[in-house]
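To start, the structure under review is shown below, and the notes come after it.
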Amino acid sequence: MVESWCEPGFHADQIWRWLYCSYASSFDEMSDLPLRLRKRLGEQTKIQTLNPVKELTSTDRKTRKILFQLYDGREIESVSMLQGRAGEGVRHTICVSAMAGCPIGCPFCATGQEGFERVLSAGEIVEQVMYFARVLREHPVANIVFMGMGEPLANYDATLKAIRTLNSPDGLNIGARHMTVSTSGLVPGIKRLAREGLQVGLAVSLHAPDDSLRSRLVPLNKRYPLKELLAACSDFFAATGRRVTFEYTLFQGVNDSPDQARQLAGLVRGMNCHINLIPANQTDSSAFRPSPVRNVVRFQHELQRHKVNATIRRSAGADIHAGCGQLRNRAETERANGMAHKRRSLRT
Ligand code: SAH
Ligand code: SF4
């Protein structure tokens with residue numbers, strides 16, 4: 001763009017450094033750019049198109065969730081999670097959204113139940129990270145997970161462009177190994193990602209050990225059933241050397257029995273993978289209640305008994321509706337109740 005304005009190309013590098021190394025939030029800060037260029041940039045472009053409209057901080061202050069309004073009024077969520085103790089290198093994991101809404105429509109997911117609005121641009125994805133990098137300046141961003149709203153592999157080009165931007169050594173320089181793309185199982189996207197020559201991590205939302213249950217929980221399974229999905233995961237490992245993580249969210253009486261754990265162990269036997277058991281977040285749907293802790297632990301033991309690697313994810317920020325799409329849903333309900341613009345403090 002800078003060159004199309006007949007300006008020397010090196011100004012583009014300067015702008016890049018101001019944005020991604022110095023976390024500039026205005027063109028005025030870019031002191032080594034000619035004043036006329038700063039003025040033109042200010043008139044014709046925007047650094048921040050995401051407007052934070054609501055923020056929640058968890059009781060332990062480690063999880064922070066932001067509801068952003070996009071330039072067209074749509075809303076997305078992003079979350080930052082703090083790891084480590086003060087004095088021993090505190091770092092952040094940022095969870096970003098790839099879409100406003102989601103077309104996959106998983107019935108337990110607040111985002112899926114809201115329907116699809118639009119995909120995000122690469123800039124909108126990167127901006128979510130830059131927002132946290134700016135406000136949490138003193139602690140580096142360690143990891144980025146594409147586990148917010150939407151299906152990142154159904155917004156493939158923007159997701160990849162965002163990964164490459166965040167990975168750039170001239171910018172935030174976040175190693176590809178520290179970025180994880182979570183997918184509901186879009187097989188062509190997994191195959192494509194495997195061939196990018198990137199060391200990005202892949203997490204696959206499995207949630208069920210058989211096709212009929214999985215088709216109910218993740219409707220995309222009707223198009224890409226388990227056999228095809230698991231073959232794509234093996235292919236991903238073969239091409240990248242990166243072990244795939246299977247996410248398995250437990251719902252009481254739906255997918256949390258020891259039998260289902262055994263079935264799951266049989267399904268992934270011989271694969272180089274890891275299973276992340278996720279205690280479900282309560283949503284409005286009464287059909288999908290979180291499994292009690294004892295069921296989650298029982299499920300883990302059954303998997304381990306069958307020599308399958310399984311850990312239980314600590315549920316971060318449940319008190320601030322950190323589950324996918326839950327903050328936005330709550331904001332919409334409040335708005336419907338006429339509470340939206342009171343801007344009351346939501347800090348807990
Ligand atoms: N669309 C992608 C990435 C975003 S969802 C995917 O489905 O993988 C990120 C994760 O949140 C997924 O594993 C999803 O299944 C999970 N999730 C959605 N709703 C949830 C809920 N109510 N409780 C627990 N996990 C949930
Ligand atoms: Fe979309 Fe993922 Fe939610 Fe399913 S779980 S509706 S794929 S965001």
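The values are calculated or read from the model by the stated rules, or taken from the named source; none is laboratory data. Please read all numbers here as calculations on a predicted model, not as lab measurements. Ideal geometry is used to build each Cβ from the backbone, glycine not excepted, and the neighbour counts take in all protein chains shown. Remember, those area values only see protein heavy atoms, side chains included, never the ligands or the DNA or RNA. Shrake-Rupley method; radii C 1.70, N 1.55, O 1.52, S 1.80 Å.
Structure above, values below:
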quantity: Largest to smallest principal axis extent of the C-alpha atoms in the chain, angstrom; calculated: 69, 50, 44
quantity: Highest-MSF residue in the chain out of Glu151, Glu114, Glu196 [GNM, Cα springs under 10 Å]; calculated: Glu196
quantity: Cα-based helix-to-principal-axis angle, 35-44 vs the chain, degrees rounded to 10; calculated: 50
quantity: Net charge over other residues, Cβ less than 11 angstrom from the Cβ of Ile278 (K, R count +1; D, E count -1); calculated: +1
quantity: Longest exposed-site-free window of the chain, the sites being trypsin sites (Lys or Arg not before Pro) in a DSSP loop that have at most 12 other C-beta atoms within 10 Å; calculated: 138-194
quantity: The stretch 10-55, accessible surface, carbon-and-sulfur percent (1.4 angstrom probe); calculated: 51
quantity: Stokes-Einstein translational diffusion, the stretch 48-181 - Kirkwood Rh over all Cα pairs, 1.567 mPa s, 4 °C, in µm²/s; calculated: 86
quantity: GNM result for the chain, Cα springs below 10 Å: residue of Gln69, Gln44, Gln83 fluctuating most strongly; calculated: Gln44
quantity: Pairs of lysine residues in the chain - Cα separation under 26 Å, sequence separation of 8 or more or cross-chain; calculated: 13
quantity: For a label point 7 Å along the Cα-to-beta-carbon line of Ser121, residues of the stretch 43-76 with backbone N under 19 Å; calculated: 43-52, 68-76
quantity: log₁₀ of I(q)/I(0) at q = 0.27, 0.28, 0.32 Å⁻¹ - the stretch 255-294, Debye sum with one point per alpha carbon; calculated: -1.01, -1.03, -1.13
quantity: With all protein chains modelled, accessible area of Val293 [1.4 Å, Å²]; calculated: 110
quantity: HN-Hα J in Hz across the stretch 22-30 - Karplus 6.51, -1.76, 1.60, θ = phi - 60°, x for Gly and Pro; calculated: 9, 6, 4, 10, 8, 6, 4, 5, 7
quantity: Two-decimal log10 I(q)/I(0) for the stretch 118-277, as the Debye equation yields it once each C-alpha is a single scatterer, q = 0.09, 0.12, 0.20 Å⁻¹; calculated: -0.32, -0.55, -1.27
